[in-house]
Amino acid sequence: MSDDGGEVPVLRRYLDSGLYQQVTSVLREGDVDWESVPAGVQAAYLSYLRLLGEHAYLDYTQMILWVVELLEADESDDPAAAQIDDYVRGTLRYLVVDEYQDVNPLQERLIRGLAKHGANVCVVGDDDQTIYQWRGSEVGNILTFASRYREVQQVTLAENFRSSPGIVDLGRSIAERLPAGSRLPKDMSAAGHQQWHRGDTLALTFDSPEEEATWICDRIQGLTGTGFRDGPEAEPRGRSWSEVAVLFRAGAKDAGPLVAELRSRGILYVGKGRNRLFESPEIQAVVAIFDYMVDRIDADGLRQLWSDAALSPATRSGAKACVSWTLAATSVGESNGASTTFNGCSSTSLKRSECARTPFVGLWGVANSSSISSASSAR
């Protein structure tokens with residue numbers, strides 16, 4: 001029981017191993033106030049370190065930590081540190097660090113150690129996009145970079161070619177609410193050809209995930225075929241499903257209602273960042289082939305699984321029959337802008353020879369974009 005009478009969360013063996021390892025990494029990578037860490041967490045942390053030592057294992061954080069310790073050691077007292085120091089001094093001339101706003105204290109020590117003999121350092125990042133502070137990242141690294149390195153040259157990329165003016169203005173208005181001194185000065189502007197009209201960006205609430213899924217699918221079908229230009233001088237063309245992306249905080253946990261609605265309407269989609277791969281109908285249908293080979297299921301059961309996964313041309317017509325033919329024949333996908341296109345077909349009127357141009361809606365579990373970069377060189 002906790003001090004307030006509630007139950008203390010307990011990590012489950014194997015199921016929460018990833019979370020447990022994240023905790024041990026944060027404790028080694030960040031500036032931790034150990035007096036604030038519960039005794040049970042400290043004990044578990046020390047047990048983990050003992051296991052690493054007993055089995056001669058290295059996880060990712062431990063590899064960085066050992067290198068940092070060697071880089072910071074007195075090479076006159078440690079032959080291994082001297083060897084590392086000689087290598088860095090003799091070979092490292094340029095060091096480039098991307099997503100610098102998400103660097104944590106341990107990673108910053110690594111950068112300092114690698115650059116201590118005069119290597120040119122170039123960092124790229126956007127302090128407005130710091131989202132990993134809960135995992136130990138320190139935005140102060142990019143804010144104070146110019147004061148900690150010599151002869152710094154800063155380049156601000158203030159033109160955003162990815163987003164419409166409405167998105168850029170909205171993002172800027174939010175960032176400008178941050179306290180003074182907590183961000184680098186910049187003035188973003190939209191430089192792409194996309195047009196924006198009031199009403200293109202909506203903030204909506206729904207009573208249930210199912211209601212939200214219904215609205216999204218209505219929107220997808222309403223946008224299909226509407227005019228869009230790929231460039232300022234390009235001819236307008238109709239939008240397709242492959243230009244639709246739905247972002248989730250955690251696709252494996254949150255995408256269920258939308259997936260069900262997409263399936264019920266026959267809207268083809270591709271999921272990215274979903275952790276429950278083997279629970280998908282397509283994978284279960286493929287695995288069922290082996291069950292059929294060893295007589296665990298009969299032919300009718302196998303056929304039903306393939307039909308449910310929209311992989312069976314014998315039981316599906318039009319778009320779904322065509323997509324099953326191409327996926328079974330090629331299993332090839334290609335990236336297309338902000339979503340993913342697989343060989344298949346989206347219209348019941350298309351022939352098999354036309355399947356290679358079929359669009360799919362993209363479901364993404366993680367959104368990652370950048371709009372501003374500052375590049376600096378030092379030393």
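Points worth noting:
- Residue pairs whose Cβ atoms lie under 6 Å apart, sitting 6 or more positions apart in sequence or on different chains, and linking a residue in the range 1-23 that is under 26 Å from Asp59 (Cβ atoms) to a partner that is modelled with pLDDT under 70, are Val8/Ser2.
- Inter-residue pairs, beta-carbon under 6 Å, first in a helix (DSSP H, G or I) and in the range 166-179, second among the small types (Gly, Ala, Ser) and surrounded by 11 or more Cβ atoms within 10 Å (Cβ to Cβ), 6+ apart: Val168/Ala190
- Residues that are free of Cβ contacts under 8 Å to residues at least 40 places away in the same chain and buried (at least 16 other Cβ atoms within 10 Å of the Cβ) occur at least once in the range 118-131.
- Residue in the range 240-249 that is over 21 Å from Phe161 (Cβ atoms) and exposed (fewer than 11 other Cβ atoms within 10 Å of the Cβ) present: yes
- Asp78 vs. criteria within 21 Å of Trp134 (Cα to Cα) and out of contact with any Gly (no Cβ under 7 Å at 6 or more places or on another chain): no
- The listed residues are Gly53, Gly90, Gly30, and the only one of them that is small (Gly, Ala, Ser) and in contact with a Gly (Cβ under 6 Å, 6 or more places away or on another chain) turns out to be Gly30.
- Flag if Ala82 is touching a Ser or Thr at 6+ places or on another chain (Cβ under 8 Å), on the phi < 0 side of the Ramachandran plot and modelled with pLDDT of 90 or more: yes
- Scanning the range 216-234 for residues that are touching a residue at least 12 places away in the same chain (Cβ under 8 Å) and either surrounded by 11 or more Cβ atoms within 10 Å (Cβ to Cβ) or part of a helix (DSSP H, G or I) (or both) turns up Ile216, Cys217, Ile220, Gln221, Leu223, Thr224, Gly225, Phe228, Arg229.
- Looking at Pro313, Pro257, just one residue is part of a loop (DSSP other than H, G, I, E, B) and either closer than 30 Å to Ser164 by Cβ or at pLDDT below 90 (or both), and that residue is Pro313.
- Look at (1) of a type in the set (S, T, N, Q); (2) more than 23 Å from the chain's Cα centre (by Cα); (3) part of a loop (DSSP other than H, G, I, E, B); (4) surrounded by 11 or more Cβ atoms within 10 Å (Cβ to Cβ) and you find that Thr205 fails only one, number (4).
- Out of Val96, Val26, sole residue that is touching a residue at least 24 places away in the same chain (Cβ under 8 Å), within 25 Å of Gln153 (Cβ to Cβ), of a type in the set (Val, Ile, Thr) and not in a loop (DSSP other than H, G, I, E, B): Val96
- The one condition in (1) outside any loop (DSSP other than H, G, I, E, B); (2) touching a helix residue (DSSP H, G or I) at 6+ places or on another chain (Cβ under 9 Å); (3) surrounded by fewer than 14 Cβ atoms within 10 Å (Cβ to Cβ); (4) not hydroxyl-bearing (Ser, Thr, Tyr) that Leu58 fails to fulfil: (1)
The values are calculated or read from the model by the stated rules, or taken from the named source; none is laboratory data. Since the structure is predicted, the reported quantities are computational estimates derived from the model, not experimental observations. Here the Cβ is made from the backbone with ideal geometry for all residues, glycine too, and neighbour counts use every protein chain on show.
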